[in-house]
């Protein structure tokens, strides 16, 4: 795992600014502290510079980057792992290409020469890379299918710059730091900024499953992959379960490729337990496992993790963490580079910190819920479809109003809160229903919160257009397939994978996700919807596939997620920092938001009249981001 950055400038006969490359490398050094390299050249009036910071995992002695082809006309910087690089290497050698390293990076150089813009389709792994084709003066950027590795870019006046993290792009003096009103509007809904937007108006994310080609005359972005839900496999449940086991075991096996110590995150949930089970059955060494717990018993999963660790005799490590959210918030803001308010980033940061003390690579269960229908909203989505057909609209409206009032002060994670949110959303169309379930501030609440001039800047923009477009693309398929497609293309890359990448790389830890292996993912997408969620059982196929490998208590436990007691913290130790950060005269957030409305939210939350924990945390994160990145005018 590594950090990459660079730029190409066709705006004039300018030399390559070496100080900019050095500054970019400094901003991403935590992603790759073991080695550093750069390339800089002016060719036919176009200045190009690439920089790479390396976390050494494969080919420790000769994997230095940037790396070039035989005649030095094609250069690459790469972040990620290509698990099928040996097969690709053999094919490319048969086509006459000579290799000088044993690294997976080199297949990108020669692969680009052979396959061109189709190269990403041949890759099995997680990746973000840049190829500078000096001969044709083309910069080619690509990102993996589901967005495990990040890639940001900015195109301005004959220049393009790119980087693994936003902070590296902020070094480029020609890139404006103006806030995108639309991105902020979306952030308040989703607690993250969805691709291709970033919080900066002039910087974008390359979306998952896409590539970008830049020349001095044009920029083109194309999608090379989307979740393939058709054609459906004609297959029995037994055959599906057997193939899932085979593909998953193989996905775990190839992710054990490493020349440095390797372990696994273990929460004791179904997904992480399945990963550890297959590691124990595949690896010839004792598996190292890592878990964290909390003093609050309702958030503590350690007993489930211990059951799996005991069953497989793992070298188990665990800690009770007492997170200091305010202490680490400035660092998290700096690493994310834009507002990101999924509070589970805090325990993920501590878990990564603990894990890095023992290993450099960790496998995780990320993606299992999105692939196999593991969230309550998946079942709720199907129930809502039936509810709409069975109950007239005027009766639904009356029930919704009564229940919303009755459960108004119940938190998002409580039973009452779940009932309220289900009934609120059950009478909506699929896209609005999805936003209601995964979103936080709704459109009305945001308009009440904004200062008048910022409200005018937002104009008629609404955040649910992303979800509407995705549901429209999934139209014609089964309702369950539609919501799984939206989760895979929206929630997974924008929230979960971003969280894991940034918090793990903050500690120079690589995290691999076997559930997101492309062969497994594509196979499961094409399975009939009716066998993915059967008789109301979430994760039905995973439970069937690994029922002999996971303790029954773990297999049948209630899903907890990686939650923290945020509502309790905001009523307790976080309340003073919250008031100081958001309500003082020095608060930068005043440029955007009405402080009286924020004061009211804090008061209502503190009095247990309504749970505003996540909304208030989002505002506090934005305030800290403004302090770090926006010291000037709006």
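The values are calculated or read from the model by the stated rules, or taken from the named source; none is laboratory data. Keep in mind it's a predicted model, so treat the numbers as computed, not measured. Here Cβ is always computed from backbone atoms with ideal geometry, including for glycine, and neighbour counts include all displayed protein chains.
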* Out of 454, 490, 471, 523, which single residue is assigned to a helix (DSSP H, G or I) and in contact with a strand residue (DSSP E or B) (Cβ under 9 Å, 6 or more places away or on another chain)? -> 454
* **Residue match in segment 46-54 (condition: at pLDDT 95 or above and under 23 Å from the mean Cα position of the chain (by Cα))** => yes
* Selection status of residue 604, closer than 16 Å to residue 326 by Cβ and assigned to a helix (DSSP H, G or I) -> no
* Asked: residue 564 passes all but one of (1) surrounded by 13 or more Cβ atoms within 10 Å (Cβ to Cβ); (2) free of Cβ contacts under 8 Å to residues at least 12 places away in the same chain; (3) not in a helix (DSSP H, G or I); which number fails?
  -> (2)
* Structure fact -> The one condition residue 326 fails out of (1) within 29 Å of residue 197 (Cβ to Cβ); (2) modelled with pLDDT of 95 or more; (3) surrounded by fewer than 19 Cβ atoms within 10 Å (Cβ to Cβ) is (2)
* Starting from residues that are more than 26 Å from residue 597 (Cα to Cα) and in contact with a helix residue (DSSP H, G or I) (Cβ under 6 Å, 6 or more places away or on another chain), keep the ones in segment 435-478 and report whichever is modelled with the lowest pLDDT. => 474
* **Residue match in segment 499-506 (condition: over 16 Å from residue 431 (Cβ atoms), modelled with pLDDT of 95 or more and part of a loop (DSSP other than H, G, I, E, B))** => yes
* Hits in segment 26-56 (condition: surrounded by 22 or more Cβ atoms within 10 Å (Cβ to Cβ) and within 30 Å of residue 349 (Cβ to Cβ)) -> 27, 28, 31, 32, 50, 51, 52, 53, 54
* Asked: Does segment 520-543 include one or more residues that are surrounded by 18 or more Cβ atoms within 10 Å (Cβ to Cβ) and free of Cβ contacts under 8 Å to residues at least 40 places away in the same chain?
  -> no
* Tell me, please, whether a residue that is assigned by TED's automatic domain parsing to the domain that holds residue 171 and under 30 Å from residue 612 (Cβ atoms) can be found in segment 216-239. => no
* When you go through (1) farther than 20 Å from residue 367 by Cβ; (2) under 26 Å from the mean Cα position of the chain (by Cα) one by one for residue 609, which number turns out not to apply? -> (2)
